[in-house]
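**Student:** Here you go, one structure.
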Amino acid sequence: MGSMEALTTTENGTTPNCNGDQQQQQQQQQQTEDGFDASMEEDREIETSRNQPHTPENDASRKRRSGGVLPLEVGTRVMCRWRDGKYHPVKVIERRRLHCGGPNDYEYYVHYTEFNRRLDEWVKLEQLDLNSVETDVDEKVEDKATSLKMTRHQKRKIDETHVEGHEELDAASLREHEEFTKVKNIATIELGRYEIETWYFSPFPPEYNDTLKLYFCEFCLNFMKRKEQLQRHMRKCDLKHPPGDEIYRSGTLSIVLKQVDGKKNKVYGQNLCYLAKLFLDHKTLYYDVDLFLFYVLCECDDRGCHMVGYFSKEKHSEESYNLACILTLPPYQRKGYGKFLIAFSYELSKKEGKVGTPERPLSDLGLLSYRGYWTRVLLDILKKHKSNISIKELSDMTAIKADDILTTLQGLDLIQYRKGQHAICADPKVLDRHLKAAGRGGLEVDVSKLIWTPYKEQG
């Protein structure tokens, strides 16, 4: 597929472009809303030196004062100027030497310790406040966090985010996962009319190791290294929608949902997994897609059906999982599509005559979406139901697993223990308060437009 000219060398063997960080900064504009939480907006006390403008003189002065520090070691903690112009604590995850500079001229891949890994990025030396260097950390030391000099606030933030989305992994598995996926290999992708900054590592084949940007055909999901290759491909590709069977169409919303059998469309299924892994940190990439069905949601116009998100599910799940992975692509988030896909997965469970639950662990955004969905569905029923109702009855009505119902209602303090058994407290004012806090629902699923036969009944 062609290769990019290798101008720099990283210590882990990859070969990024000297100007790669400039490309990334130009592309880092649409992710801010989904990446940083509300605490980003809190006022932070920053040392006077960190608020000084970064002029060449100031930067040179910093280098002289920190002459014994450079180059920074992997594991070092330091303050880094982010795209908002403020300084935030980071940890150096990796470094790579710039061939176009001196022996100490490196750029550094950093993790913002207050926030999710999706914001990890390569930064230049002038973005780092060398006066704030705390310590160098040997990555081979097993319990590396305990030796760091951190404020209680920083330590709490690290504890909160360290296992985010990985609650079911043991310590050894978590370290292995973080080591293998610690550096994003693809910085951006082009998909249809959108250029999207990626969030996480995805195990693309080795020939793509030196590629900062990939170009995807938005219909068949084949990916290429160069724009010219995509343009040639688009002239030959006769697809204007994902493969598979159309099982839902809403003319008023101009959306279509296609069921794609991983066994019948293996290459598409694998390419979809590669793409999704760029935005999902917590899931294993399945190379054997034969066992899965993919439900791809599209917006339709006169140019074709454009993928906005998808969910997958196993054809046969012994654990009653009705969903394996779920993703709404960043350009289409905040439009209710994620909530629609969750609701759709439960409508399929109702058609199957089963209760369902999503595969664990859930991502941070996935968990928020599910909690909101369960809250709205359950409380809507409780508001309308005048007589007593049991957890089992709620499960039968909604296809939500009883354990998920119980944990949701307990989290809302709606379960009370009376006369030796649990009872649901359904005070109307309390329900209204929780419903308001849960926010509005997504796009509604019109069940009359669902044309679908459960897999076990499909011959």
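**Student:** Please work out if residue 270 is of a type outside the set (Gly, Ala, Ser) and either open to solvent by less than 30 Å² (accessible area, probe 1.4 Å) or touching a strand residue (DSSP E or B) at 6+ places or on another chain (Cβ under 7 Å) (or both).
**Tutor:** It is false that residue 270 is of a type outside the set (Gly, Ala, Ser) and either open to solvent by less than 30 Å² (accessible area, probe 1.4 Å) or touching a strand residue (DSSP E or B) at 6+ places or on another chain (Cβ under 7 Å) (or both).
This table checks each residue for (1) at pLDDT 95 or above; (2) crowded, with 17+ Cβ neighbours inside 10 Å.
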| site | (1), (2) |
| --- | --- |
| 295 | yes, yes |
| 298 | yes, yes |
| 311 | yes, yes |
| 317 | no, no |
| 323 | yes, yes |
| 329 | yes, yes |
| 333 | no, yes |
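**Student:** For the stretch 431-449, give me each residue that is under 11 Å from residue 375 (Cβ atoms), open to solvent by 40 Å² or more (accessible area, probe 1.4 Å) and small (Gly, Ala, Ser).
**Tutor:** Of the residues in the stretch 431-449, the ones under 11 Å from residue 375 (Cβ atoms) are 431, 434-439, 441.
Restricting the remaining residues to those that are open to solvent by 40 Å² or more (accessible area, probe 1.4 Å) gives 436-437.
Correct list: 437 only.
**Student:** If you don't mind, another one. Just checking, which of 304, 269, 251 is out of contact with any Lys or Arg (no Cβ under 8 Å at 6 or more places or on another chain) and under 25 Å from residue 444 (Cα atoms)? Give the steps one after another, and end with the answer.
**Tutor:** Numbers: 304 fails: out of contact with any Lys or Arg (no Cβ under 8 Å at 6 or more places or on another chain); 269 fails: under 25 Å from residue 444 (Cα atoms).
Answer to the check: 251.
**Student:** Inspect all residues belonging to the stretch 184-193 and state whether any of them is touching a helix residue (DSSP H, G or I) at 6+ places or on another chain (Cβ under 9 Å), open to solvent by less than 10 Å² (accessible area, probe 1.4 Å) and without any contact (Cβ under 8 Å) to a residue 24 or more places away in the chain.
**Tutor:** no
**Student:** While we're here: Going by the conditions given, is residue 325 within 22 Å of residue 453 (Cα to Cα), in contact (Cβ under 8 Å) with a residue 40 or more places away in the chain and touching a Ser or Thr at 6+ places or on another chain (Cβ under 6 Å)?
**Tutor:** So residue 325 fits the description; yes.
**Student:** Let me ask something else about it. I'd like the residue in the stretch 113-124 that is farther than 13 Å from residue 183 by Cα and touching a strand residue (DSSP E or B) at 6+ places or on another chain (Cβ under 9 Å) and, out of all such residues, is most open to solvent (accessible area, probe 1.4 Å).
**Tutor:** It comes out as 124.
**Student:** I'm checking my understanding of the structure. Among residues of the stretch 343-389 that are open to solvent by less than 60 Å² (accessible area, probe 1.4 Å) and of a type in the set (D, E, K, R), which one is farthest from residue 445 (Cα to Cα)?
**Tutor:** 364
**Student:** Then there is this: Testing residue 131 on (1) over 21 Å from residue 187 (Cβ atoms); (2) open to solvent by 40 Å² or more (accessible area, probe 1.4 Å); (3) modelled with pLDDT under 90, one condition comes back false. Which one is that?
**Tutor:** Status for residue 131: all satisfied but (3).
**Student:** Filter the stretch 219-238 for residues that are in contact (Cβ under 8 Å) with a residue 40 or more places away in the chain, open to solvent by 30 Å² or more (accessible area, probe 1.4 Å) and under 20 Å from residue 301 (Cβ atoms) and give the result.
**Tutor:** Within the stretch 219-238, no residue meets the criteria.
**Student:** Could you list, ordered by first residue, the pairs with Cβ atoms under 8 Å in which the first is in the stretch 431-459 and acidic (Asp, Glu) and the second is open to solvent by 30 Å² or more (accessible area, probe 1.4 Å), at least 6 apart or interchain?
**Tutor:** Listed pairs, sorted by first residue: 432/383.
To keep it simple, each residue is scored yes or no on (1) hydrophobic (A, V, I, L, M, F, W, C); (2) under 23 Å from residue 271 (Cβ atoms).
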residue	(1), (2)
313	no, yes
326	yes, yes
333	no, yes
343	yes, no
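**Student:** Can you find, within the stretch 203-218, the residue that is farthest from residue 299 (Cα to Cα) among those that are buried (at least 16 other Cβ atoms within 10 Å of the Cβ) and charged (D, E, K, R)? Even if it seems obvious, please write down each step before you answer.
**Tutor:** At the first step, the residues of the stretch 203-218 found to be buried (at least 16 other Cβ atoms within 10 Å of the Cβ) are 204, 208, 210-218.
Checking the rest, the ones that are also charged (D, E, K, R) come to 210, 213, 218.
Details: 210: 33, 213: 24, 218: 12 Å.
That would be 210.
**Student:** All but one of (1) touching a helix residue (DSSP H, G or I) at 6+ places or on another chain (Cβ under 7 Å); (2) in a helix (DSSP H, G or I) hold for residue 442, so report the exception by its number.
**Tutor:** Failing condition for residue 442: (2).
**Student:** Within the stretch 390-424, work out how many residues are open to solvent by 100 Å² or more (accessible area, probe 1.4 Å) and polar (S, T, N, Q).
**Tutor:** Number of matching residues: 1.
The values are calculated or read from the model by the stated rules, or taken from the named source; none is laboratory data. Note that this is a predicted model, so its numbers are computed, not measured. Cβ sites come from the backbone with ideal geometry, for glycine too, and all protein chains shown count toward neighbours. The accessibility values were calculated without ligands, DNA or RNA, using every heavy atom of the protein model including side chains. Shrake-Rupley method; radii C 1.70, N 1.55, O 1.52, S 1.80 Å.
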